[in-house]
Amino acid sequence: MSLFAMGFLLVVLQPSSGQFPRACANTQSLLRKECCPPWDGDGSPCGELSSRGSCQNILLSLAPLGPQFPFSGVDDREDWPSVFYNRTCKCQGNFMGFNCGECKFGFSGQNCTERRLRMRRNIFQLTTREKDKFLAYLNLAKNTPSEDYVIATGTYAQMNNGSNPMFRNINVYDLFVWMHYYASRDTLLGGFNVWRDIDFAHEAPGFLPWHRVFLLMWEHEIQKITGDENFTIPYWDWRDAEDCVVCTDEYMGGRHPTNPNLLSPASFFSSWQVICTRSEEYNSQQALCNATSEGPILRNPGNNDKSRTPRLPSSAEVEFCLSLTQYESGPMDKMANFSFRNTLEGFADPRTAISNVSQSGLHNALHIYMNGSMSQVQGSANDPIFVLHHAFVD
């Protein structure tokens with residue numbers, strides 16, 4: 001999707017993003033269509049008494065929908081978040097968050113006036129202590145319920161237009177797995193009908209900025225549960241890699257000795273359960289993923305379809321992509337030629353920048369190469385390699 005996805009991007013940058021604040025997941029907020037919770041610091045909605053923000057009508061893009069989506073009023077994500085809330089907190093200065101209670105990315109301090117520079121580093125340049133701390137933080141996030149956010153287990157219509165809220169708790173790590181699923185899931189049209197040609201986070205100009213905000217929010221939530229304000233996600237520089245060098249028990253989990261599709265039992269990631277991977281089951285039930293555990297992480301790096309992705313990307317391909325001068329072009333989707341975004345995303349040849357959807361380059365190549373949970377768009381964030389990969393893409 002093109003303009004449609006851009007519209008979602010524009011509103012996801014507002015305080016109410018692709019998840020639901022716990023303070024607004026109730027009948028009163030849904031029926032009033034207002035999400036302006038009080039800030040604990042002064043007890044006023046959006047911290048208005050402290051000039052942090054105010055409750056205002058949301059601003060929606062007036063741009064037309066892309067021609068790829070021939071519907072209107074059938075998907076909760078259209079003109080997000082207006083189906084659920086049409087009044088939210090608009091934060092001032094360097095404040096952000098659903099109640100303007102936090103500092104914008106890159107700022108800290110009581111009044112959010114202090115600049116804070118944080119740097120993402122190559123995972124292989126971390127000390128053993130730093131690397132082990134990162135892995136421990138991921139595991140903590142997987143086992144810590146989110147205090148501030150819940151997920152929707154039904155559509156707005158299934159919630160009887162707000163009078164029957166359908167939400168549930170979720171851990172901090174899986175919150176972001178669900179968000180990635182929710183942005184890329186199919187549209188439920190009723191009965192057994194779905195619309196699959198839709199994605200609010202991929203195949204369009206919003207791909208890179210959507211995932212940038214996504215990673216920043218992920219880092220922010222881990223900073224909150226650990227109290228480590230300096231935490232950043234490391235990256236894996238996969239240029240010219242011969243194989244999955246992070247797929248060891250020391251890092252992101254090695255291969256199971258008897259089942260090549262599973263992780264080594266020596267890695268604590270082998271005990272992780274995935275969510276939101278059964279798209280056809282949800283579609284047949286006209287239901288949303290409710291974050292029920294669906295089995296272990298699957299990964300079989302290198303045993304992918306070689307005709308589609310023969311190898312991991314090269315340095316030369318990355319350099320060619322970086323030499324492109326147009327961020328976006330033409331139809332602004334996976335058919336775009338000479339588009340930096342489409343080439344980096346992987347739908348255009350990384351040697352010519354000409355669209356070739358039969359091949360998977362750069363970003364897409366890494367997902368396909370992993371040949372498991374990472375290879376399915378909606379559930380790809382289940383594999384913790386996802387964060388290393390997207391930190392490098394970013």
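The values are calculated or read from the model by the stated rules, or taken from the named source; none is laboratory data. If you're wondering where the values come from, they're calculated on a predicted model, not measured in any experiment. Backbone-built Cβ (ideal geometry, glycine too); neighbour counts: all protein chains shown. For accessibility, only protein heavy atoms count, side chains too; no ligands or nucleic acids. Shrake-Rupley method; radii C 1.70, N 1.55, O 1.52, S 1.80 Å.
Some notes on this structure:
- Subset of the range 211-231 (residues that are open to solvent by 10 Å² or more (accessible area, probe 1.4 Å), among the hydrophobic types (A, V, I, L, M, F, W, C) and within 28 Å of Asp333 (Cα to Cα)): Val213, Leu216, Met217
- Exclusive hit being modelled with pLDDT under 95 and surrounded by fewer than 19 Cβ atoms within 10 Å (Cβ to Cβ), set Asn169, Asn161: Asn161
- Candidate set from the range 48-95 (those that are hydrophobic (A, V, I, L, M, F, W, C) and farther than 26 Å from Thr153 by Cβ); member that is modelled with the lowest pLDDT: Leu65
- Looking only at residues in the range 48-65 that are more than 11 Å from Lys90 (Cβ to Cβ) and not hydrophobic (A, V, I, L, M, F, W, C), the one that is surrounded by the most Cβ atoms within 10 Å (Cβ to Cβ) is Ser50.
- Within the range 262-288, tally of residues that are farther than 22 Å from Asn371 by Cβ and surrounded by 18 or more Cβ atoms within 10 Å (Cβ to Cβ): 3
- Scope the range 334-372; condition among the acidic types (Asp, Glu) and over 20 Å from the mean Cα position of the chain (by Cα); matching residues: Asp349
- Among the candidates Ile233, Ile222, the residue that is within 19 Å of the chain's Cα centre (by Cα), in a loop (DSSP other than H, G, I, E, B) and modelled with pLDDT of 95 or more is uniquely Ile233.
- Among the residues of the range 99-157, those identified as assigned to a loop (DSSP other than H, G, I, E, B), farther than 19 Å from Leu216 by Cβ and of a type in the set (A, V, I, L, M, F, W, C) are Leu126, Ala157.
The rows are residues; the columns are (1) of a type outside the set (Phe, Trp, Tyr); (2) closer than 25 Å to Phe200 by Cβ; (3) out of contact with any Lys or Arg (no Cβ under 7 Å at 6 or more places or on another chain); (4) not in a helix (DSSP H, G or I).
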{"position": "Pro301", "(1), (2), (3), (4)": "yes, no, yes, yes"}
{"position": "Phe320", "(1), (2), (3), (4)": "no, no, no, no"}
{"position": "Lys334", "(1), (2), (3), (4)": "yes, yes, yes, yes"}
{"position": "Thr343", "(1), (2), (3), (4)": "yes, yes, yes, no"}
{"position": "Arg351", "(1), (2), (3), (4)": "yes, no, yes, yes"}
{"position": "His367", "(1), (2), (3), (4)": "yes, yes, yes, no"}
{"position": "His390", "(1), (2), (3), (4)": "yes, yes, yes, no"}
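- Restricting the range 144-158 to residues that are under 18 Å from the mean Cα position of the chain (by Cα) and open to solvent by less than 30 Å² (accessible area, probe 1.4 Å), the residue that is farthest from Glu78 (Cα to Cα) is Ser146.
- All positions within the range 236-270 that are of a type in the set (Ser, Thr, Tyr) and not in a helix (DSSP H, G or I): Thr248, Tyr251, Thr258, Ser264, Ser267
- As a summary of the residue check, Val357 satisfies the conditions (1) assigned to a loop (DSSP other than H, G, I, E, B); (2) touching a residue at least 60 places away in the same chain (Cβ under 8 Å); (3) under 30 Å from Asp75 (Cα atoms) except for the one numbered (2).
- The range 66-124: number of residues that are open to solvent by less than 60 Å² (accessible area, probe 1.4 Å), under 25 Å from Pro21 (Cβ atoms) and charged (D, E, K, R): 5
- Residue in the range 325-348 that is without any contact (Cβ under 8 Å) to a residue 40 or more places away in the chain, assigned by the TED database to the domain that holds Pro205, touching a Ser or Thr at 6+ places or on another chain (Cβ under 7 Å) and open to solvent by 20 Å² or more (accessible area, probe 1.4 Å) present: no
- Among the residues of the range 39-55, none qualifies, meaning not one is part of a helix (DSSP H, G or I) and within 26 Å of the chain's Cα centre (by Cα).
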